1. For the chain, what proportion of DSSP beta bridges, expressed in % and rounded to the nearest 5, is antiparallel?
2. Just need the relative contact order of segment 2-81 here, percent rounded to a whole number, with Cα pairs under 8 Å and 6+ apart.
3. May I ask for the Rg/Rh ratio of the chain, computed from Cα atoms with Rh as the Kirkwood radius, given to two decimals?
4. DSSP loop (so not H, G, I, E, B), at most 11 other Cβ within 10 Å: list which trypsin sites (Lys or Arg not before Pro) in the chain pass both filters.
5. Could you give the accessible area per residue of the chain, probe 1.4 Å, as a whole number in Å²?
6. At residue 62 and residue 6, where each label point lies 7 Å from the Cα along Cα→Cβ, what is the point-to-point distance in nanometres?
Amino acid sequence: VDVFQAWCGPCKPVVNLFQKIRNEVGSSLLHFAVAEIDSIDALEKYKGRCEPLFLFYTGGELVAVVRGADAPLLQKTILKQL
């Protein structure tokens, strides 16, 4: 989940990375979503930062958090969680 605040918007460059990985591993294993912090109370604790935030869930549980648009780290985290 790409978590963003309305004043800075979602991290669009990372969408291409997720699409590339999704094509490589199969679409049924990887899902990408965006969520605006101000719209979801459970994300309130992440408010106020000016860096991209990516939350990784498996089976409904938070399993990893990546701060910043570090493509190699994001790819490593995705593949590890898959």
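The values are calculated or read from the model by the stated rules, or taken from the named source; none is laboratory data. Everything numeric here is computed off the predicted structure, so don't read it as measured data. A quick note on method: Cβ atoms are made from the backbone with ideal geometry, for glycine too, and the neighbour counts reach across all protein chains shown. These area figures cover heavy atoms from the full protein model, side chains too; ligands, DNA and RNA do not enter into them. Shrake-Rupley method; radii C 1.70, N 1.55, O 1.52, S 1.80 Å.
1. Percent antiparallel among DSSP bridges in the chain is about 75.
2. Relative contact order, segment 2-81: 31 percent.
3. Reported Rg/Rh (Cα atoms, Kirkwood Rh): 0.94.
4. Sparse-neighbourhood loop trypsin sites (Lys or Arg not before Pro): 47.
5. 64
6. Here the answer is 2.3 nm between the modelled labels.
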